[in-house]
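Data block below; observations after.
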Amino acid sequence: MNETEYKALKELSTDGTISQRDLSKRIGLSLGSVNYIIKELVKKGYIKTQRFKNSNNKAAYVYAVTPKGISARVKQTQYFLRVKIEEYERLQKEIDELKRENIKYNNIGDAI
């Protein structure tokens with residue numbers, strides 16, 4: 001599962017009645033991209049869709065995340081968390097090194 005599929009699945013887990021247009025706004029993708037992602041999530045068995053008529057008598061969909069989708073989302077969350085922690089630790093080391101460098105060069109300037 002890629003990051004855009006993860007974001008869509010996360011939003012659909014929260015609000016299964018969201019329209020594709022609103023979902024596209026929430027995750028920052030085009031409507032066509034969201035339509036494609038939803039089809040892929042259905043194909044992978046992560047969500048099921050059901051068509052209904054909303055209060056404006058327009059066709060709409062309700063999205064239900066399947067147990068397979070929940071499992072995939074949990075695994076992906078763990079993966080993204082691990083990646084972000086590694087990235088954070090790498091950045092923290094770089095920040096610490098820059099601070100040491102800054103102190104070193106400030107001390108050299110004071111000696112001149």
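The values are calculated or read from the model by the stated rules, or taken from the named source; none is laboratory data. It should be emphasised that the depicted structure is a prediction, and the values quoted were computed from it without experimental measurement. FYI the Cβ positions are ideal-geometry reconstructions off the backbone, even for glycines, and counts take in every protein chain you see.
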For this session: Could you tell me whether Leu98 is of a type in the set (A, V, I, L, M, F, W, C), modelled with pLDDT of 95 or more and part of a helix (DSSP H, G or I)?
Result: no
Seminar exercise, completed: Residue hits (the range 13-25; at pLDDT below 95 and either more than 13 Å from Tyr63 (Cβ to Cβ) or touching a strand residue (DSSP E or B) at 6+ places or on another chain (Cβ under 9 Å) (or both)) are Ser13, Asp15, Gly16, Thr17, Ile18, Ser19, Gln20, Arg21
For this session: State which residue is farthest from Val74 (Cα to Cα) when the search covers only the range 7-54 and only residues that are small (Gly, Ala, Ser) and assigned to a helix (DSSP H, G or I).
Result: Gly32
Exercise. Is there a residue in the range 55-72 that is touching a residue at least 12 places away in the same chain (Cβ under 8 Å), touching a helix residue (DSSP H, G or I) at 6+ places or on another chain (Cβ under 7 Å), surrounded by 13 or more Cβ atoms within 10 Å (Cβ to Cβ) and not in a strand (DSSP E or B)?
Worked result: yes
For this session: Give me the pairs, please: first residue somewhere in the range 12-31 and more than 16 Å from Tyr46 (Cβ to Cβ), second residue anywhere and exposed (fewer than 13 other Cβ atoms within 10 Å of the Cβ) and modelled with pLDDT under 95, beta-carbon distance under 6 Å, and either six or more positions apart or on two chains.
Result: Leu31/Arg21
Seminar exercise, completed: Scanning the range 43-66 for residues that are of a type in the set (Gly, Ala, Ser) and at pLDDT 90 or above gives Gly45, Ala64
For this session: For Asp110, state whether it is modelled with pLDDT under 95, out of contact with any Ser or Thr (no Cβ under 9 Å at 6 or more places or on another chain) and surrounded by fewer than 10 Cβ atoms within 10 Å (Cβ to Cβ).
Result: yes
Problem set entry | All positions within the range 21-52 that are out of contact with any Phe, Trp or Tyr (no Cβ under 6 Å at 6 or more places or on another chain) and surrounded by 19 or more Cβ atoms within 10 Å (Cβ to Cβ) | Leu23, Ser24, Val34, Ile37, Ile38, Leu41, Tyr46
Seminar exercise, completed: Within the range 1-53, restricting to residues that are among the β-branched types (Val, Ile, Thr) and under 17 Å from the mean Cα position of the chain (by Cα), the one that is nearest to Leu81 (Cα to Cα) is Thr4
